[in-house]
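Remarks on the structure that follows.
The values are calculated or read from the model by the stated rules, or taken from the named source; none is laboratory data. Because the structure is predicted, anything quoted here is derived from the model rather than measured. So basically every Cβ, Gly included, is an ideal-geometry build from the backbone, and we count neighbours across all protein chains shown.
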Amino acid sequence: MEIKTDLLEKGAILQRDKETYAVVPHIPGGILLDFDYLHTIANVAKKYGAKAIKMTTSQRLAIVGIQPEDIDKVWQELGMQKGAASGLCVRSVRICPSTHFCKFGQQDAVTLGMALDERYHGMQLPSKFKIAVCGCMNSCTEPAVKDLGIMGTPKGFTVMIGGNAGIRPRIADVLIQNIKQEEVLPLVDKIVEYYKDNARKYERLGKMIERIGIEEVKQSILG
């Protein structure tokens, strides 16, 4: 008997029935400016007999209940990038509406978050890696429980590392406060490279920090 598993190369996640799959088109930041995408997703879901369209916690729309023989056709008709919904990689960057849409926004999380998503989404790393960006201290995207959390404040951005909302939750450590938007991407490059060079396979960033020590990690990243 064939044992079915996730088909990561096809962007398909095996469902509880062990027969059908979910496909998750990548929607950076959960923001759609071309509304025809919604029609496309709905039409494809209908055509291939999906059981549901699920709004995910990663700000995407998962088409649930696709037969394995239809996966390739579904992606062809969607014409959208596959979302990195599983595997040892950077998942979709969670982004709040910030100064583009929200009256509480203090920093431009959308522009920064989209740049991070374009640069890192799907990048292979020692373990899964979650990023969240928010434009104010209300922290709607929950940056304090992400591997990399970036929070807007009246004085700039606070960067946090090592958060995790999984089986053993961990609050992120503050790496640096009050930095300018243009300083964030170069710093994230350093964080990701340090993690790639020092983490063990399947070791989340927070676990790596606990093993090495936060002060040594800070010194290595910030200099």
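Suppose the filter is within 22 Å of residue 124 (Cβ to Cβ), in contact with a His (Cβ under 7 Å, 6 or more places away or on another chain) and of a type in the set (D, E, K, R); does residue 10 pass it? First the steps, then the outcome.
On the way: within 22 Å of residue 124 (Cβ to Cβ): yes; in contact with a His (Cβ under 7 Å, 6 or more places away or on another chain): no; of a type in the set (D, E, K, R): yes.
Considered against the rule, which asks whether it is within 22 Å of residue 124 (Cβ to Cβ), in contact with a His (Cβ under 7 Å, 6 or more places away or on another chain) and of a type in the set (D, E, K, R), residue 10 comes out as no.
Looking at (1) surrounded by fewer than 18 Cβ atoms within 10 Å (Cβ to Cβ); (2) of a type in the set (D, E, K, R); (3) free of Cβ contacts under 8 Å to residues at least 60 places away in the same chain, find the lone condition where residue 72 falls short.
(3)
Among what's in segment 166-178 and is at pLDDT 95 or above and touching a Lys or Arg at 6+ places or on another chain (Cβ under 9 Å), pick the residue that is nearest to residue 131 (Cα to Cα). It would help to see each step written out before you state the result.
First, the residues of segment 166-178 that are at pLDDT 95 or above: 169-178.
Applying the additional criterion that residues be touching a Lys or Arg at 6+ places or on another chain (Cβ under 9 Å) yields 170, 172-173, 175-178.
Working: 170: 14, 172: 12, 173: 14, 175: 14, 176: 16, 177: 17, 178: 18 Å.
This residue is 172.
Quick check on my filter: what residues within segment 98-126 are within 19 Å of residue 144 (Cβ to Cβ) and buried (at least 18 other Cβ atoms within 10 Å of the Cβ)?
Residues of segment 98-126 that are within 19 Å of residue 144 (Cβ to Cβ), as a first pass: 98, 102, 104-107, 109, 112-113, 116.
Scanning segment 98-126 gives 98, 105, 106, 107, 109, 112, 113, 116.
Identify, from the list 147, 117, the residue that is within 28 Å of residue 219 (Cα to Cα), touching a Leu at 6+ places or on another chain (Cβ under 7 Å) and among the acidic types (Asp, Glu). Explain how you work it out, then say what you get.
Working: 117 fails: touching a Leu at 6+ places or on another chain (Cβ under 7 Å).
147 is the lone residue from the list that is within 28 Å of residue 219 (Cα to Cα), touching a Leu at 6+ places or on another chain (Cβ under 7 Å) and among the acidic types (Asp, Glu).
Would you check which residues across segment 88-104 are touching a Leu at 6+ places or on another chain (Cβ under 9 Å) and assigned to a strand (DSSP E or B) and list them? Steps first, please.
Just the residues of segment 88-104 that are touching a Leu at 6+ places or on another chain (Cβ under 9 Å), to begin with: 88-90, 93, 95, 98.
Within segment 88-104, 89, 90, 95 qualify.
Are any residues in segment 13-37 under 26 Å from residue 141 (Cβ atoms) and either touching an Asp or Glu at 6+ places or on another chain (Cβ under 7 Å) or touching a residue at least 12 places away in the same chain (Cβ under 8 Å) (or both), and if so, which ones?
Looking only at segment 13-37, we keep the residues that are under 26 Å from residue 141 (Cβ atoms), and these are 13, 22-35, 37.
Correct list: 13, 22, 23, 24, 25, 26, 27, 28, 29, 30, 31, 37.
Quick check on my filter: what residues within segment 178-223 are exposed (fewer than 13 other Cβ atoms within 10 Å of the Cβ) and closer than 15 Å to residue 125 by Cβ?
Scanning segment 178-223 gives 189, 193, 197, 200, 201, 202.
From the list 71, 31, 63, which residue is within 24 Å of residue 122 (Cα to Cα), at pLDDT below 95 and either among the charged types (D, E, K, R) or not assigned by TED's automatic domain parsing to the domain that holds residue 112 (or both)? Please lay out each step first, then the result.
On the way: 71 fails: at pLDDT below 95; 63 fails: at pLDDT below 95.
Only one candidate qualifies: 31.
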